[in-house]
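The block underneath contains the structure these notes are about, expressed in structure tokens.
The values are calculated or read from the model by the stated rules, or taken from the named source; none is laboratory data. Just so it is clear, the model here is predicted, and its values are computed rather than measured. Please note: Cβ atoms are built from the backbone with ideal geometry, for glycine as well, and neighbour counts cover all protein chains shown. Side chains included, ligands, DNA and RNA excluded: accessible areas come from the protein's heavy atoms. Shrake-Rupley method; radii C 1.70, N 1.55, O 1.52, S 1.80 Å.
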Amino acid sequence: MTREEEKREFEIVIDVPPGYREEGRLDQFLARSIMNATRSKVQRGIREGRVRVNDRVITKSSHVVQAGDHIVCRILRAPPIEAVPEDIPLDVVFEDDWLIVVNKPAGMVVHPAYGNRTGTLVNALLHYVGASAITLADVENGDDDAGLSTINAAPPSPDNPAIRPGIVHRLDKDTSGLLVVAKDDVTHAALAGQFAARTTRRDYLGIVLGIPDPARGSIESNLGRDKRDRKRMAVVEPPQGKFARTHYETVAVSENLALLRFQLDTGRTHQIRAHAAHIGHPILADETYGGADLRRFAHSRNKLKFLRNLVDLIGRQALHARSLGFQHPKTGSAMTFETTLPVDMTTVLERAQIDPKSY
């Protein structure tokens, strides 16, 4: 290892829970447990002697993980991420001197990070406001000429070197809908305060498998990283995780599907997706949370084929951030924005014979 690599290296420690019974391969376990890790990169790290299990270097990816194992991985930080302006079309719903409200399409990542250094909403926003490329140094020094806020835009941790100018809140890559973006730090701080105080209003529409009973209710739990798969969130017992509350209401139903309106009181990672799965009605086509496990929702081969066709049709979790409300930080006015459902979700609903007037 070179001296430069030593400077870029940090450790991730994983303690396998006592209840672990899968006895899976080391490479598979680490790929699930480490954010932004791929199996090929994990296998390379194992071959290079970067993984110790119970203080012993393991160089075989097929090593079996056991309950209680203490795993230490030496990880190289990726080169710094630079956010570069890109001429990508944006659906701007509202704009003034202080903020932008944008309707993000499904498939667009919000900010540059591992595996998504270009093509993100931030890249598009930088071009839209006429800004130059932004580096980590610009963010740390508070670039006043960026055209987007730089407060809280620095990487949140060494293994997640994202640069997030302007981003007050996020949507998952495959969730479409409304986001508010701040142009300056004062606006950003005020908006972030509203999200923290839970005075904003965020309503989503989602298509779920099955029909919830009761038709409306609230889901309250703590959410934390799933111990078996770090890329998922799971309901955990306090004091683990963070409190999350989601309200839902059934808007319309068909034989196998339901259209739900979700309202967030909190804004945890994957909150709606994890809570929908927790009550047994995952978001359609959400592979991470069981939305592609269709057999228990289909009572015949024809129904199973029908649902599979819908999953193939939409190709992403059927979730859309439909409306967004907040108080304008500068004027004090109450601002409310609403969008229509994207074509892929309306097509699914039409094929499921759900009346378009219902939503």
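For region 330-349, name all the residues that are open to solvent by 50 Å² or more (accessible area, probe 1.4 Å) and part of a loop (DSSP other than H, G, I, E, B). Passing the criteria: LYS330, THR331, SER333, THR340. Residues that are more than 19 Å from ASP355 (Cβ to Cβ), more than 19 Å from the chain's Cα centre (by Cα) and surrounded by 19 or more Cβ atoms within 10 Å (Cβ to Cβ) within region 305-328 comprise LEU307, VAL311, PHE326, listed in sequence order.
So which residues in region 42-62 are open to solvent by 60 Å² or more (accessible area, probe 1.4 Å) and in contact with a helix residue (DSSP H, G or I) (Cβ under 9 Å, 6 or more places away or on another chain)? Passing the criteria: THR59, LYS60, SER62. Taking every residue in region 257-274 that is open to solvent by 10 Å² or more (accessible area, probe 1.4 Å) and pairing it with any residue that is of a type in the set (Gly, Ala, Ser), at least 6 positions away or on another chain, the pairs with Cβ-Cβ distances below 6 Å are ARG268/ALA244. Collect the residues in region 286-304 that are of a type outside the set (Ser, Thr, Tyr) and open to solvent by less than 70 Å² (accessible area, probe 1.4 Å), keeping them in residue-number order. If the condition is that a residue be of a type outside the set (Ser, Thr, Tyr) and open to solvent by less than 70 Å² (accessible area, probe 1.4 Å), then ASP286, GLY290, GLY291, ALA292, LEU294, PHE297, ALA298, LYS303, LEU304 are the ones that fit. Quick check: is even one residue across region 213-231 farther than 24 Å from VAL311 by Cα, open to solvent by 80 Å² or more (accessible area, probe 1.4 Å), touching an Asp or Glu at 6+ places or on another chain (Cβ under 6 Å) and in a strand (DSSP E or B)? Yes, region 213-231 contains at least one residue that is farther than 24 Å from VAL311 by Cα, open to solvent by 80 Å² or more (accessible area, probe 1.4 Å), touching an Asp or Glu at 6+ places or on another chain (Cβ under 6 Å) and in a strand (DSSP E or B).
For GLY24, the stated conditions hold: it is over 24 Å from the mean Cα position of the chain (by Cα) and modelled with pLDDT under 95.
Entry remark, region 26-41: residues being surrounded by fewer than 18 Cβ atoms within 10 Å (Cβ to Cβ) and assigned to a helix (DSSP H, G or I) number 4 in total. Of all residue pairs spaced 6 or more apart or on separate chains, those with beta-carbon atoms under 6 Å, a first member in region 33-52 that is free of Cβ contacts under 8 Å to residues at least 60 places away in the same chain and under 18 Å from ASP226 (Cβ atoms) and a second member that is among the small types (Gly, Ala, Ser) and surrounded by 14 or more Cβ atoms within 10 Å (Cβ to Cβ) are ALA37/ALA31; ARG39/ALA31; VAL42/ALA31.
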